[in-house]
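The values are calculated or read from the model by the stated rules, or taken from the named source; none is laboratory data. Small disclaimer: the values here were computed from a predicted structure and weren't measured. Every residue, glycine as well, gets a Cβ built from its backbone with ideal geometry; the counts of neighbours run over all protein chains shown. SASA here: full protein model, heavy atoms, side chains in, ligands and nucleic acids out. Shrake-Rupley method; radii C 1.70, N 1.55, O 1.52, S 1.80 Å.
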Amino acid sequence: MTRPGGLWQNWSRTERVRPQRVEYPPTVAAVRRSVVAAAARGLPIKAVGAGHSFTGIAVSPGVLLELDDLSGLVSVDREQSRVRILAGTRLHRIPGLLAPYGLAMENLGDIDRQSIAGAISTGTHGTGSRFGGIATQIVGATLVTADGELLTVDDEENPELLPAVALGLGALGILVDVTIQCVPAFVVQAVERPEPLDDVLAHLEERFADADHFEFYWFPHTDVALTKTNTRLPADTLTAPQPLLARWVDDILVGNGVHQAVCSVGRTVPAAVPAINRLSAKVWGDRSFSDASHRVFATARGVRFREMEYAVPVDRLGDAFRGLQRVVAEHGRPIEFPVEVRTAAADDRWMSTAYGRASGYIAVHRYWRADPTAYFAAVEEVMRAHGGRPHWGKMHTQDAASLRALYPRFDDFVALRDRLDPQRRFRNAYLDRVLGG
Ligand SMILES: Cc1cc2nc3c(=O)[nH]c(=O)nc-3n(C[C@H](O)[C@H](O)[C@H](O)COP(=O)(O)OP(=O)(O)OC[C@H]3O[C@@H](n4cnc5c(N)ncnc54)[C@H](O)[C@@H]3O)c2cc1C
């Protein structure tokens, strides 16, 4: 978010910068002019989406491009169920754009505030063992490269670059549009309920394999998991959505409101956290409803937090989770935030956390006013021991040397960056750290 006076800060308040210039290009031609002008001034340039990355990946000390005006539908290919949309389009706007064509995005993450370009550039994902992250839904893209030229990547032109450009960390150029492979609109039946954690862990593989979309939250210091099981149903299924008031009570009052209270109390009376977590686990979510897919996948997150998330090979998920439980047990202070566990199918995006391997994701959070350093460091050690790859948009301490060993196509990606951005116009400190300068 950019404020008058030029201060930009991310959602979690972990990063802030006062860019030298902030520009709001409304057209592709204007983006090209911005890139050329930045080069002439010798300034680095980066686009931001919604600033929802927890890392410094979007930090733009030179020219910051806000792409909110570069938003909306460009064209629809009804035969192939593909839509081309402008890169600044926020995810929550996409269902409305797709509705007239009876289409939907195949899968989504927990929230829909991000821009499509920001979400794919960091490997944003939801859950579902048969589904990839959002970047796997991209079948074409147009990029403004460092020389201000347009690079088209799709089935016909430069198809070999798609696996890099569709999850490019903002390092290869400015995306101006992307083409999404959609699916026919569908309904999702959701069942959310508290269950004994040990039962969930005992049947972890089946739980993830049997459902279209399964995930669970574990409330630290309790033996309860809140499970979410989503089943895909045809679009003409009669839905039973949550009544608005019930949804408000569950998501806003209980989900966010109670959680805000837990976090605030946790800061002053940490000893109370385990008891409050037990209470939260009981009252938070015991419901069943069905609705249009995007209304089930995405929820509101009102409590500000900081997050780290690692992807481990899916067959190591159980062991990695037990390692995390030991960290929580041994950590000096109570943890006020639930741990989230999800899965994704293997994919072919070079820098995807799920590149070449089916993945299990473990995400840990801390209230934004609490210091996450010690907890995250201990969890990171466990995840790294299991071959974990960190989410590009979430806090971690790895650098190019350690990441190179985790990604078989790392050097190919760096070589492409050398080719498309030899002068490092799109650099920032985070990219220097994770890709090398
Ligand atoms: C409350 C919350 C919930 C979240 N839930 C999930 C979740 O369920 N799953 C998950 O995987 N992640 C999740 N995240 C992380 C989030 O989805 C990612 O970090 C994502 O990058 C944020 O998108 P954004 O639009 O805010 O991008 P930003 O953070 O603004 O930017 C991210 C990167 O994209 C680049 N970029 C943006 N626009 C362009 C462009 N036009 N061209 C080239 N590069 C561009 C930026 O330069 C930067 O490198 C969550 C984050 C928050 C705060």
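Things to note:
- Of all the numbered requirements in (1) within 22 Å of Leu151 (Cα to Cα); (2) surrounded by 16 or more Cβ atoms within 10 Å (Cβ to Cβ), Thr14 misses one, and that requirement is (1).
- In this structure, Val364 does satisfy being part of a strand (DSSP E or B) and within 15 Å of the ligand (Cβ to nearest atom).
- Checklist (1) touching a strand residue (DSSP E or B) at 6+ places or on another chain (Cβ under 9 Å); (2) within 8 Å of the ligand (Cβ to nearest atom); (3) closer than 26 Å to Val312 by Cα applied to Ala119, failing item: (1)
- When the residues of region 54-90 are filtered to those that are in contact with a Pro (Cβ under 8 Å, 6 or more places away or on another chain) and farther than 19 Å from Leu143 by Cβ, the one that is nearest to the ligand (Cβ to nearest atom) is Pro61.
Listed here are the residues, each with its yes/no results for (1) modelled with pLDDT of 95 or more; (2) closer than 17 Å to Pro313 by Cα.
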site	(1), (2)
Ala370	no, no
Val379	yes, yes
Gly388	yes, yes
Ala401	yes, no
Ala405	yes, yes
Arg424	yes, no
Leu431	yes, no
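- Subset tally (residues that are charged (D, E, K, R), within 22 Å of Val144 (Cβ to Cβ) and either in contact with a Ser or Thr (Cβ under 7 Å, 6 or more places away or on another chain) or within 16 Å of the ligand (Cβ to nearest atom) (or both)) for region 406-437: 6
- Pair list, Cβ under 7 Å, 6 or more apart: region 122-136 residue farther than 12 Å from Tyr361 by Cα and more than 12 Å from the ligand (Cβ to nearest atom), other residue open to solvent by 10 Å² or more (accessible area, probe 1.4 Å) and part of a loop (DSSP other than H, G, I, E, B): Arg130/Ala345; Phe131/Glu106; Phe131/Ala345; Thr136/Arg349
- Residue in region 329-341 that is of a type outside the set (Ser, Thr, Tyr), within 13 Å of the ligand (Cβ to nearest atom), assigned to a strand (DSSP E or B) and surrounded by fewer than 24 Cβ atoms within 10 Å (Cβ to Cβ) present: yes
- Contact map, region 410-437: residues that are closer than 17 Å to Ile57 by Cβ paired with residues that are among the aromatic types (Phe, Trp, Tyr) and open to solvent by 10 Å² or more (accessible area, probe 1.4 Å), Cβ distance under 6 Å, separation 6+ or inter-chain. Pairs shown: Phe413/Trp350.
- Restricting the first member to region 62-84 and to residues that are touching a residue at least 12 places away in the same chain (Cβ under 8 Å), and the second to residues that are among the acidic types (Asp, Glu) and within 12 Å of the ligand (Cβ to nearest atom), the beta-carbon pairs closer than 8 Å and six or more apart or on different chains are Val74/Asp177; Arg84/Asp177.
- Candidate set: region 139-169, residues that are buried (at least 23 other Cβ atoms within 10 Å of the Cβ) and of a type in the set (Val, Ile, Thr); chosen: the one farthest from the ligand (Cβ to nearest atom): Val153
- Count of region 369-391 residues which are closer than 21 Å to Gly133 by Cα and buried (at least 23 other Cβ atoms within 10 Å of the Cβ): 5
- If you filter region 98-116 down to residues that are surrounded by fewer than 17 Cβ atoms within 10 Å (Cβ to Cβ) and touching a residue at least 12 places away in the same chain (Cβ under 8 Å), you find that the one that is nearest to the ligand (Cβ to nearest atom) is Ala99.
- Inter-residue pairs, beta-carbon under 7 Å, first under 12 Å from Val22 (Cα atoms) and within 11 Å of the ligand (Cβ to nearest atom) and in region 41-53, second assigned to a loop (DSSP other than H, G, I, E, B) and of a type in the set (A, V, I, L, M), 6+ apart: Ala47/Leu67
- Remark: His92 falls outside the filter, which requires a residue to be open to solvent by 40 Å² or more (accessible area, probe 1.4 Å), outside any helix (DSSP H, G or I) and within 26 Å of Glu309 (Cα to Cα).
- Here Arg366 fulfils each of the conditions (1) surrounded by fewer than 18 Cβ atoms within 10 Å (Cβ to Cβ); (2) of a type outside the set (Val, Ile, Thr); (3) more than 21 Å from Arg316 (Cα to Cα) apart from (1).
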